[in-house]
Amino acid sequence: FDPTIGTVLVVGGDDTFGNPLGDTWLFDGSNWTALPGSLPARTGARMVFDAARSTMVLYGGASNAPFGGAAIDETWEGSGGLWAVAAPAVTPGGRAWHGLAFDVARARTVLYGGRASDFVFASSADTWEYDGAQWTQTASAPAAAAMLLPTMAYDAARERVVVAGTLVAGGTATY
């Protein structure tokens, strides 16, 4: 949700044949509107609203190369569906199917888990934070298992990001 324009924003995804898409759509609660000038095609990217800077942050995604390949190593920022690629010196590397949440108390986008490639099925167990200029790897507390498709959210009452149940590297559900 992008509160600066009061709409839900959807970027990329898959078509019915599993091909990554590069379109951007806005939903105002009644109507969907396609926006021109979208991002390069991707699936498995994650996006959050950075409330400190009033901008959307999108990271990574699965490659649109034939038969998969390395995940996308890109940070994009935007508002109202207008995007610009950011160029931090250090990044989490190519990543898809990761979790992403915005930590309001610390004004940081937090990334956890995911996969670096469609050819390597190992999931990651690392945590990264983005302050709008740099990505920094941090220690999770407590350390969590490697996760693919983690669900993340900001818990305002406890002022922390929470990672919830998903599939781990071996395919076992955790909660």
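The values are calculated or read from the model by the stated rules, or taken from the named source; none is laboratory data. The shown structure was predicted, so the numbers you read here are calculated from the model rather than taken from an experiment. No Cβ is skipped: glycine too gets one built from the backbone with ideal geometry, and neighbour counts run over all protein chains shown. To get the accessible areas, we keep the full protein, side chains included, count just its heavy atoms, and leave off ligands, DNA and RNA. Shrake-Rupley method; radii C 1.70, N 1.55, O 1.52, S 1.80 Å.
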Margin query: Please list, ordered by chain and number, the residues whose modelled amide H lies under 5 Å from the amide H of GLY114; skip anything fewer than 5 residues away on the same chain.
Written below: GLY99, SER124, MET147, LEU148, LEU149
Next item on the list: With viscosity set to 1.567 mPa s and temperature to 4 °C, compute the Stokes-Einstein D of the chain, Rh being the Kirkwood radius across alpha carbon pairs; µm²/s, no decimals.
Entry: 79
Note to self: How much accessible area per residue does the range 1-86 have, counting only protein heavy atoms and a probe of 1.4 Å, in square angstrom?
What the structure shows: 49
Note to self: From the mean inverse distance of alpha carbon pairs (Kirkwood) and the Cα radius of gyration, derive Rg over Rh for the range 1-103.
What the structure shows: 0.96
Checklist line | Of ALA45, MET147, PRO92, farthest towards positive along the dipole that unit charges on Lys, Arg, Asp, Glu beta carbons give the chain | finding: MET147
Check: Which cross-chain or sequence-distant (5 or more) residues have an amide H under 5 Å from the amide H of ARG42, H modelled 1.01 Å from N in plane?
Finding: GLY13, LEU21, GLY22
Next item on the list: Could you tell me what percent of the accessible area of the range 5-154 is made up of carbon and sulfur, with a 1.4 Å probe and every protein chain present?
Entry: 60
